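J.: To start, I am sharing the structure in question, which I have written as structure tokens.
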Amino acid sequence: MPVAACVAALGMGAGAPPAHAAGNDSYQAKLAPVPMNTPSGAASGNLMLTINGDQATVSETVSGLAPKLPTDKKTLSSLGIPAAFAGKPFPHVQHVHINGQDSCPTSSDDKNGDGVISTVEGQPAYGKIGTTLSLKGDTSAKTATDVTVAPGGGSFTYKRTFTLNADTMSAIKNNKAVIVVRGLNPATAPKASLSTPNELGATLPGRARSSP
């Protein structure tokens with residue numbers, strides 16, 4: 001699932017200094033489309049993250065993403081999605097990536113020149129997955145491609161409080177964290193993205209496997 005929207009290192013929120021005095025740290029970010037993968041202005045969002053001890057509360061609104069899974073078999077096959085899920089709300093797995101180059105991918109990251117920045121091509125920019133922003137249950141990298149616990153639809157609001165692991169906590173506080181939302185809109189995505197094999201092996205339903 002190539003990246004649809006991304007935000008570079010989280011910035012301290014306007015209310016962070018007084019919150020920090022009370023034991024809280026607040027961070028905010030604006031999501032923007034990833035070049036080549038999503039047209040300018042086609043995806044946007046805002047995210048607020050508050051840390052209190054080892055507890056993180058994420059509040060997020062996102063719009064302009066793929067609203068529903070496509071219905072034609074060729075596109076579904078390229079996305080690794082069984083035909084039975086045609087027309088269902090499009091799942092958007094999202095993560096806090098850590099310890100990369102603290103940036104979102106750019107067109108220069110399209111190393112094979114196919115017009116799409118794949119997950120593998122984008123990883124040096126944003127780093128490995130530190131936390132999965134799932135709707136329920138596990139938030140570790142183990143659930144990174146579990147689409148059954150991902151928010152879905154063209155627009156969504158996400159809010160959850162969970163225990164933040166130490167690696168992600170450290171990355172956030174050291175400006176080494178990047179928010180990534182996946183799931184290109186077939187209606188606006190480059191044609192190459194619909195014919196390139198699904199490198200993550202992500203399928204519906206349930207948890208996906210990683211490619212060798």
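The values are calculated or read from the model by the stated rules, or taken from the named source; none is laboratory data. Here the structure is a predicted model, which means the values were calculated and not measured. In this analysis, Cβ positions are derived from the backbone assuming ideal geometry, glycine residues included, and neighbour counts consider all displayed protein chains. These area figures cover heavy atoms from the full protein model, side chains too; ligands, DNA and RNA do not enter into them. Shrake-Rupley method; radii C 1.70, N 1.55, O 1.52, S 1.80 Å.
J.: Just need a number here: residues in the range 31-72 that are under 16 Å from Pro105 (Cα atoms), surrounded by fewer than 15 Cβ atoms within 10 Å (Cβ to Cβ) and touching a residue at least 40 places away in the same chain (Cβ under 8 Å).
T.: Of the residues in that region, 1 qualify.
J.: Please go through the range 156-212 and give me each residue that is at pLDDT below 55, surrounded by fewer than 16 Cβ atoms within 10 Å (Cβ to Cβ), under 20 Å from Asp138 (Cα atoms) and not small (Gly, Ala, Ser), ordered by number.
T.: Listed by number, the residues that qualify are Pro205, Arg207, Arg209.
J.: Looking at the range 83-101, which of its residues are closer than 16 Å to Gly152 by Cβ and part of a loop (DSSP other than H, G, I, E, B)?
T.: Of everything in the range 83-101, those that are closer than 16 Å to Gly152 by Cβ and part of a loop (DSSP other than H, G, I, E, B) turn out to be Ala86, Gly87, Lys88, Phe90, His92, Val93.
This table checks each residue for (1) surrounded by 19 or more Cβ atoms within 10 Å (Cβ to Cβ); (2) of a type in the set (A, V, I, L, M, F, W, C); (3) not in a helix (DSSP H, G or I).
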| residue | (1), (2), (3) |
| --- | --- |
| Ser108 | no, no, no |
| Lys111 | no, no, yes |
| Asp114 | no, no, yes |
| Pro124 | no, no, no |
| Ile129 | yes, yes, yes |
| Thr145 | yes, no, yes |
| Thr148 | no, no, no |
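J.: Related question: Give just the number: which of (1) in contact with a Cys (Cβ under 8 Å, 6 or more places away or on another chain); (2) in a helix (DSSP H, G or I); (3) open to solvent by 30 Å² or more (accessible area, probe 1.4 Å) does Cys104 not satisfy?
T.: (2)
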